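Some notes on the structure that comes next.
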Protein chains: 2
Amino acid sequence: MNKQVILKKRPEGLPTKDIWSHETSAIPEPKEGEVLVETHYISLDPAMRGWMNDSKSYIPPVELDDVMRAGTIGKVIKANNHPRFKEGDVLTGWGGVQQYFTTDGQGHFKVDTNLAPMTKYIGALGMPGMTAYFGITEVGKIKEGDRVLVSGAAGAVGSVVGQIAKIKGCEVVGIAGGPDKCKYVVDELGFDACIDYKNENIYDGLKAHCPKGIDVYFDNVGGDILDAALAKLRRGARIVICGAISQYNSTEIKGPKNYLSLLVNRATMQGMVVFDYADRYKEAGMQMGMWMMEGKLKTEEDVYEGIENFYPTFTRLFSGDKRGKLVLKIKED
Amino acid sequence: MNKQVILKKRPEGLPTKDIWSHETSAIPEPKEGEVLVETHYISLDPAMRGWMNDSKSYIPPVELDDVMRAGTIGKVIKANNHPRFKEGDVLTGWGGVQQYFTTDGQGHFKVDTNLAPMTKYIGALGMPGMTAYFGITEVGKIKEGDRVLVSGAAGAVGSVVGQIAKIKGCEVVGIAGGPDKCKYVVDELGFDACIDYKNENIYDGLKAHCPKGIDVYFDNVGGDILDAALAKLRRGARIVICGAISQYNSTEIKGPKNYLSLLVNRATMQGMVVFDYADRYKEAGMQMGMWMMEGKLKTEEDVYEGIENFYPTFTRLFSGDKRGKLVLKIKED
């Protein structure tokens, strides 16, 4: 049987457990030209919160009574004359929060698990890693010597952003919640400094670590931290708007009251969606894989187990109680 | 004697009359290498409000007990061996709110009043015109067919922005306060439409006039209108942050709560300060002058008289009770 997590209601604020129902249906049969995939890992991403809202966005919302949308990686266990995929192939794509699904292969990519374990393909070599790569290089336009600030620095995207900036010769300051994460960001990931927003005044931290101001701010969080970063911009600074996790569960979004710093500093605030770079994922993946093999890019997954634990694992995205890429294991590799 | 307007206190909110004092001093003598200028017109600009705040900005604040900073145009009435300027030359620059001043000429430019009357050189051929030109072309990056939205459309900057966009083949919608201004913007300036924000719902107006959304928004006002524009962005839209007159007298700035539209639409919000384009003013001035002579660019000045009327004239910037470039005449040409 196929265990599935179905979206039943639209959340207001932080999603509660009853937003989803756990249902069981028959394992589907692949039609002619389709494959049946058994999911091994489900990717948990802050963006999922946005997909639950019934509002215009960069992709349509998840429909009520549909399987909850999620990135996945899994193995083809049955192929019905698929032109490209065969039994045993490992596919990453939009499988959703369920154990099995059939697909004609659109939006799914075959990966080589001899090169990297499955979890990397939904982490640093997947959407979060691609977001980091194109966000900081193409939108942030980092160059050697830039002072780069990254929020969510211990997270799936932020941790990679900061390391890429270090590789490119920038000075990098992270922002993360709690001393353990900050220690990880500096000692393990090699950032120059990390501000603990839960225990430090963010303005004081920026004064100490970015005394001359910020050239690039990569924003994953929005809210007060975005305002603090705006207050410290240098001339010609770039702000990459990648996410706003502090605001996703708010009914009233907090706009950045310091936005006129953009005027004073001739600065730019630009939004990004990783899908726009799909035709360059391969190029970026090769570069990232190279850095990983050279030991320059460290990535970590925080793995929880069992589809029945989808809800408590999902909430870790917003409580901050995780490190690196948050992943739900559905089946042993 | 020299009548001067001196900044005595820092304002909170809308400046009150007692912020300034009117003082009279002796007409200064130009030192060796200086000229004495008699001011004919003073430029009144929303930016003046920002210069009164004691906070880090793109130029230092006006010091207390100093003459209030303002752009001016006037005539050299005495030259003391100045290397470039002689008696009778007409200079535009930062003369301040006073009848006479001496200068070594730094930051002052000689203009030809045979080509255009004095007021144009502090209007469409001066700072507001340059702001419009570089803002909409360089920051807004308009191209033929773009749907361009301009707030403050009847004002010194907005009126020029919209006309340049029309010249460049864009569809242009203005936002202005009151039916008279809106009629002026459409009938006289040639915008395709104008939304009266004082009497119309701005969201409805945008729906009607920008049904497919906005490619470029040139923002002079901030606040609710910025939020409405954000809600209607098209993919890859550009927002030019030129000013925020609705916020200048607020003690708490209203941040744009719809800023995540930048993410959804991969849009850019960029601030500008006209001074950065100083080495290209001449090129822009020639282009603007050409358009004016061809009848493609219409500009208007709203002229009030007498330095003693500085305060009531200044308040028109914020009451909106003016059309085109607001100017204070100090002396007959």
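Here's a check for you: in segment B:139-169, which residue that is in a helix (DSSP H, G or I) and of a type in the set (A, V, I, L, M) is surrounded by the fewest Cβ atoms within 10 Å (Cβ to Cβ)?
We begin by selecting, within segment B:139-169, every residue in a helix (DSSP H, G or I); these are B:139, B:158-167.
Next, only the ones that are of a type in the set (A, V, I, L, M) stay: B:139, B:160-161, B:164-165, B:167.
Details: B:VAL139: 23, B:VAL160: 29, B:VAL161: 32, B:ILE164: 27, B:ALA165: 27, B:ILE167: 16.
Checked segment B:139-169; the qualifying residue surrounded by the fewest Cβ atoms within 10 Å (Cβ to Cβ) is B:ILE167.
What's the number of the condition A:TYR133 fails, among (1) surrounded by fewer than 24 Cβ atoms within 10 Å (Cβ to Cβ); (2) more than 15 Å from A:VAL327 (Cβ to Cβ)?
The failed condition is (1).
Out of all the residues in segment B:207-223, is one or more over 26 Å from A:GLY50 (Cβ atoms) and out of contact with any strand residue (DSSP E or B) (no Cβ under 7 Å at 6 or more places or on another chain)?
So far as segment B:207-223 goes, yes, one or more of its residues are over 26 Å from A:GLY50 (Cβ atoms) and out of contact with any strand residue (DSSP E or B) (no Cβ under 7 Å at 6 or more places or on another chain).
Quick test of your reading of the structure: B:THR72 fulfils all but one of (1) touching a helix residue (DSSP H, G or I) at 6+ places or on another chain (Cβ under 6 Å); (2) buried (at least 19 other Cβ atoms within 10 Å of the Cβ). Name the failing condition by number.
Exception for B:THR72: condition (1).
Between A:ASP65, A:ASP18, which is away from chain B (no Cβ under 14 Å), farther than 24 Å from A:TYR281 by Cβ and without any contact (Cβ under 8 Å) to a residue 12 or more places away in the chain? Talk me through it step by step, then tell me what you get.
Values: A:ASP65 fails: without any contact (Cβ under 8 Å) to a residue 12 or more places away in the chain.
The unique qualifying residue is A:ASP18.
Among the residues of segment A:34-62, which ones are within 12 Å of chain B (Cβ to nearest Cβ) and of a type in the set (Val, Ile, Thr)?
Scanning segment A:34-62 gives a single hit, A:ILE59.
Restricting attention to segment B:20-36, report how many residues are over 26 Å from B:LEU317 (Cα atoms), of a type in the set (A, V, I, L, M, F, W, C) and buried (at least 20 other Cβ atoms within 10 Å of the Cβ). Write out each step before concluding.
So in segment B:20-36, the residues over 26 Å from B:LEU317 (Cα atoms) come out as B:25-36.
After this cut, where a residue has to be of a type in the set (A, V, I, L, M, F, W, C) as well, the list is B:26-27, B:35-36.
Checking which are buried (at least 20 other Cβ atoms within 10 Å of the Cβ) leaves us with B:35-36.
Result for segment B:20-36: 2.
Please work out which residue is nearest to the other protein chains (Cβ to nearest Cβ), limiting yourself to segment A:68-94 and to residues that are under 21 Å from the mean Cα position of the chain (by Cα) and either part of a loop (DSSP other than H, G, I, E, B) or without any contact (Cβ under 8 Å) to a residue 24 or more places away in the chain (or both).
A:ARG69
Which residues, counting only those in segment B:22-52, are part of a loop (DSSP other than H, G, I, E, B) and either over 22 Å from B:VAL221 (Cβ atoms) or out of contact with any Phe, Trp or Tyr (no Cβ under 9 Å at 6 or more places or on another chain) (or both)? Let's see the steps before the verdict.
Kept after step one, since they are part of a loop (DSSP other than H, G, I, E, B), are these residues of segment B:22-52: B:26-33, B:44-46, B:52.
Those that are part of a loop (DSSP other than H, G, I, E, B) and either over 22 Å from B:VAL221 (Cβ atoms) or out of contact with any Phe, Trp or Tyr (no Cβ under 9 Å at 6 or more places or on another chain) (or both): B:ALA26, B:ILE27, B:PRO28, B:GLU29, B:PRO30, B:LYS31, B:GLU32, B:GLY33, B:ASP45, B:MET52.
When only residues in segment A:282-301 that are assigned to a loop (DSSP other than H, G, I, E, B) and either aliphatic (A, V, I, L, M) or surrounded by fewer than 20 Cβ atoms within 10 Å (Cβ to Cβ) (or both) count, which is nearest to the chain's Cα centre (by Cα)? Walk me through it before giving the result.
Taking segment A:282-301 and keeping what is assigned to a loop (DSSP other than H, G, I, E, B), we get A:294-300.
Those left that are additionally either aliphatic (A, V, I, L, M) or surrounded by fewer than 20 Cβ atoms within 10 Å (Cβ to Cβ) (or both): A:294-298, A:300.
Working: A:GLU294: 23, A:GLY295: 21, A:LYS296: 20, A:LEU297: 16, A:LYS298: 15, A:GLU300: 13 Å.
So, considering only residues that are assigned to a loop (DSSP other than H, G, I, E, B) and either aliphatic (A, V, I, L, M) or surrounded by fewer than 20 Cβ atoms within 10 Å (Cβ to Cβ) (or both), the one nearest to the chain's Cα centre (by Cα) is A:GLU300.
Hey, among A:LEU44, A:LEU64, A:LEU7, which residue is in contact with a Lys or Arg (Cβ under 8 Å, 6 or more places away or on another chain) and surrounded by 15 or more Cβ atoms within 10 Å (Cβ to Cβ)?
Checking each option against the conditions leaves just A:LEU44.
Looking only at residues that are among the charged types (D, E, K, R) and assigned to a loop (DSSP other than H, G, I, E, B) in segment B:209-237, which one is farthest from A:SER261 (Cα to Cα)? Give the derivation first.
Applying the first criterion (among the charged types (D, E, K, R)) to segment B:209-237 yields B:212, B:215, B:219, B:224, B:227, B:232, B:234-235.
Those still in the list that are assigned to a loop (DSSP other than H, G, I, E, B) too: B:212, B:232.
Working: B:LYS212: 30, B:LYS232: 23 Å.
Ranking the candidates gives B:LYS212 first.
Restricted to segment A:216-251, and to residues that are among the hydrophobic types (A, V, I, L, M, F, W, C) and touching a Cys at 6+ places or on another chain (Cβ under 8 Å), which residue is surrounded by the fewest Cβ atoms within 10 Å (Cβ to Cβ)? If you could, list the steps in order and put the result at the bottom.
From segment A:216-251, those among the hydrophobic types (A, V, I, L, M, F, W, C) are A:216, A:218, A:221, A:225-226, A:228-231, A:233, A:237, A:239-242, A:244-245; that's our starting set.
Pick out the ones that are also touching a Cys at 6+ places or on another chain (Cβ under 8 Å) and you get A:216, A:218.
Details: A:VAL216: 26, A:PHE218: 33.
Going through the qualifying residues, I end up with A:VAL216.
How many residues are under 18 Å from the mean Cα position of the chain (by Cα) and either in a loop (DSSP other than H, G, I, E, B) or more than 7 Å from chain B (Cβ to nearest Cβ) (or both) when one looks only at segment A:238-281?
Selection size over segment A:238-281: 18.
Inspect segment A:72-83 for any residue being at positive phi and either small (Gly, Ala, Ser) or modelled with pLDDT of 95 or more (or both) and give the result as yes or no. Spell out how you get there, then give the answer.
Narrowing segment A:72-83 to residues at positive phi: A:81.
Then keep just the ones that are either small (Gly, Ala, Ser) or modelled with pLDDT of 95 or more (or both); that gives A:81.
Within segment A:72-83, one or more residues are at positive phi and either small (Gly, Ala, Ser) or modelled with pLDDT of 95 or more (or both).
What is the number of the single condition among (1) within 27 Å of A:HIS22 (Cβ to Cβ); (2) in contact with an Asp or Glu (Cβ under 7 Å, 6 or more places away or on another chain); (3) surrounded by fewer than 23 Cβ atoms within 10 Å (Cβ to Cβ) that A:GLY123 does not meet?
(3)
Within segment A:282-309, work out how many residues are over 19 Å from A:ASP45 (Cα atoms) and either within 14 Å of another protein chain (Cβ to nearest Cβ) or among the polar types (S, T, N, Q) (or both).
1
To keep it simple, each residue is scored yes or no on (1) under 21 Å from the mean Cα position of the chain (by Cα); (2) assigned to a helix (DSSP H, G or I); (3) more than 26 Å from A:GLU188 (Cβ to Cβ).
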| residue | (1), (2), (3) |
| --- | --- |
| A:GLY96 | yes, no, yes |
| A:THR119 | yes, yes, no |
| A:LEU125 | yes, no, no |
| A:THR131 | yes, yes, no |
| A:THR137 | yes, yes, no |
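The values are calculated or read from the model by the stated rules, or taken from the named source; none is laboratory data. What you are looking at is a predicted structure, and each value in this text was computed from that prediction instead of being measured. Counting neighbours? That spans all protein chains shown, and the Cβs are built from the backbone with ideal geometry, glycine included.
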